[in-house]
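Structure first, commentary second.
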Amino acid sequence: MAAAVASPQASSSVNLQGRDEYIQEAKNYLHSRVSKDTGLSSKKFEIPVIDLAPSFSPSLADRISVASKIRDACTSSGFFYITSHGISSSVCDSALKLADRFFKELPFEKKDSLHMRNSSLHRGWEPSEFTSLEGQSETKEGFNWGYEEAFDPTGGDGKYVELDGSATNGNMWPAEDDLPGFYGGIKEYYGQVLQLARHLFRLFALSLDLPETHFDAMTTHPGGIARILYYPAGAPQAGDTDMQDIGLGAHSDYECFTILLCSSAPGLEILSPNNEWISAAPVPGSFIVNVADFLMRWTNGVYKSTIHRVVNRTQDARYSIPFFFSINYDETVETLPTCVSEDNPSKYPPINAGRYILDRLNDVVVEGYGGTGASQ
Ligand SMILES: O=C(O)CCC(=O)C(=O)O
Ligand SMILES: [Fe+2]
C-alpha cells in the first residue's frame, strides 16, 4: 500500500490519527451502511431542494433560515439540491460542454500524456478501470485538477500547499492548441464554484451554531480537487441488480462537502438514512451538495458523510463535474468542542487535511498502475 510520506504536520504537537486506522475506519463505515442488496429502491425519499436566494440577504435572520434547512438535510440524508445559487446557466452549460470536448476531441495519445499514473497527487487523466472500490473496477473516465491561485477570485494568500505538503502545484493541462479554450473555461467555472463553496461554508457554520466566519481562516488557500467525469451510455438496464457496469462504486467523499454539476442523464444514486439506494435525478438549474468526511469528523458524526455511487442505466452518455471543497491542506481537522461532551467524547482523532485525502485517493488506485506510490 502507499509508502509512508512525512506528514506536513509531523512536527506539530497535535497527535494525528494514523493512516491505517482512518482507512480501516472508512471501510468499516461503508460496510456498516451498504448491504449486499445492491438494487435501486422503489420507495419514495425526497432529497430537499434548498433555495439559496435568502442566504445572500444582508439580514442574518434570512441567512439563518437557509442554514437551518441545511442542518435538516445534513442530519437526514446529507444530500440536498441548491437553486438560486448565483452561478449562471451559461457558465454551467459551458463547463459541461468542455467535459464533452475533452473526452471526445482529445486523441488518446494526448490524454495518455496527461495520465494520472504520472502524478503523485492524482491529477490528470484517469482512464476507465483505473480505480476500484471493493474490488470492482469502474467504468468512469475522468480528468482531475486542483486549486490554482490564478483561479481564485480572492487571489489567494500565497500560501497554497499541496496534498503532500509541498509548495508546488501538481496540475497537468492539455496544451492550448490541442483543446483551445479548455483551461480558460475551467478557470471561469472553478473560480465561481470556489466562491459558492466559501459562501456555503458560512451557511454550514451557521447551521452548527458557530459564528458565520468560523471556517474562513481555514480556506484562504483551500484544497479543492475538481474533475470532469464521463460515464458511457449503457447497461445495466433499469431494475438490474447486477453491478458489473458500475460507473463509480459506493463511497463517501473525503473533504468538507461536494458541489456537483451533472448533465441530464440520471445516474447518481444515494444511500438514504434507511440504507436504501435512491436515484438523485438531476434538477435543472441546480447543483447537488453532499456532506463529506471532514464535516462528519468535525460534528462527531452528527452530519453523516454521505454514501453514493453512479450507475448509468440510460442509453445516453453522462457527464458530471464534482468539486470537492477542502480546507487548506496544511490545516488539521479536529472535532468541534461544541460537538463533544463527557458523555459523548470525540469518535474522530485529529487528522491532517491534505494527508488524509491523499491516503484515501491512494487507496483506490488499481493495483499495478504504480506511479502514484499507491498499491505497491
Ligand atoms: O458523477 C457523479 O454524479 C458523482 C461523482 C462522485 O461521486 C465523485 O466523483 O466522488
Ligand atoms: Fe463522490
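The values are calculated or read from the model by the stated rules, or taken from the named source; none is laboratory data. Everything numeric here is computed off the predicted structure, so don't read it as measured data. Virtual Cβ from ideal backbone geometry, glycine too; neighbours counted across all protein chains shown. Just so you know, the surface numbers come from the protein's heavy atoms only, side chains and all, with ligands and any DNA or RNA stripped out. Shrake-Rupley method; radii C 1.70, N 1.55, O 1.52, S 1.80 Å.
To check you understand DSSP bridge types, tell me what percent of the beta bridges within the chain (both residues inside) are antiparallel, rounded to 5.
Antiparallel bridges: around 90 percent, rounded to the nearest 5.
Using modelled backbone amide H atoms (1.01 Å from N, in-plane), which distant-in-sequence or interchain residues come within less than 5 Å of Asp253's amide H?
Those qualifying (amide H under 5 Å, at least 5 residues apart or on another chain) are Asp293, Thr306.
With every protein chain present, what is the per residue accessible area of the chain (1.4 Å probe, Å²)? Could the numbers behind the result be given before it?
Working: 15290 Å² over 376 residues.
Per residue, the chain has an accessible area of 41 Å².
Kirkwood Rh over alpha-carbon pairs of the range 102-204, then Stokes-Einstein at 25 °C and 0.890 mPa s: what D in µm² s⁻¹, rounded to an integer?
Working: Rh = 15.5 Å.
For the chosen part, D equals 159 µm²/s.
What figure, in Å² to the nearest 10, do you get for the accessible area of Glu21 with a 1.4 Å probe and non-protein molecules left out?
Accessible area of Glu21: about 110 Å².
At 4 °C and 1.567 mPa s, what whole-number value in µm²/s does Stokes-Einstein give for the translational diffusion of the range 202-317, with Rh from the Kirkwood sum over Cα pairs? Provide the component values of the computation, followed by the final result.
Working: Rh = 15.9 Å.
Translational D for this selection: 82 µm²/s.
With each pseudo-label sitting 7 Å past Cα toward Cβ, what's the Ala53-Arg33 distance in nm, one decimal?
Reported label-point gap for Ala53 and Arg33 is 3.2 nm.
Which semi-axes, in whole Å and largest first, does the equivalent ellipsoid of the range 42-142 have when worked out from the alpha carbon gyration tensor as the square roots of 5 times its eigenvalues?
Details: eigenvalues 270, 80, 37 Å².
Values for the range 42-142, descending: 37, 20, 14 Å.
So what's the back-of-envelope 222 nm ellipticity for the chain, counting only DSSP H runs of four-plus at -39500 (n - 2.57) apiece and dividing by all residues, rounded to 500? Walk me through the intermediate numbers first.
Details: 7 runs with 94 residues, N = 376.
About -8000 deg cm²/dmol.
So if each residue of separation counts as 0.36 nm, and I subtract the Cα-Cα distance between Glu176 and Glu105, what length gain in nm does that give?
24.3 nm
Relative contact order (percent) for the range 159-285, with alpha-carbon contacts under 8 angstrom and 6 or more residues of separation? Walk me through the numbers on the way to the answer.
Working: 69 pairs, mean separation 16.8, N = 127.
Reported as a whole number, the value is 13 percent.
Could you work out what % of the accessible surface of the chain is carbon and sulfur, using a 1.4 angstrom probe and leaving DNA, RNA and ligands out of the count? Working shown, then result.
On the way: 7930 of 15290 Å².
Exposed carbon and sulfur together represent 52 percent of the surface.
Over the chain, what number does the Rg to Rh ratio reach, with both radii from the alpha-carbon atoms and Rh per Kirkwood?
On the way: Rg = 19.5 Å, Rh = 21.0 Å.
In the chain, Rg relative to Rh is 0.93.
Points 7 angstrom from Cα along the Cβ direction at Leu60 and Lys97: gap in nanometres?
4.4
Would you kindly find the accessible area of Glu188, with a 1.4 Å probe and non-protein molecules such as ligands, DNA and RNA excluded, rounding to the nearest 10 Å²?
Accessible area of Glu188: about 90 Å².
Measure up Lys111/Lys140; Lys69/Lys347; Lys43/Lys347; Lys27/Lys187 against 23 Å on the Cα-Cα distance and list the ones that go over.
Values: Lys111/Lys140 15 Å; Lys69/Lys347 26 Å; Lys43/Lys347 32 Å; Lys27/Lys187 34 Å.
Violating the 23 Å limit, Cα to Cα: Lys69/Lys347; Lys43/Lys347; Lys27/Lys187.
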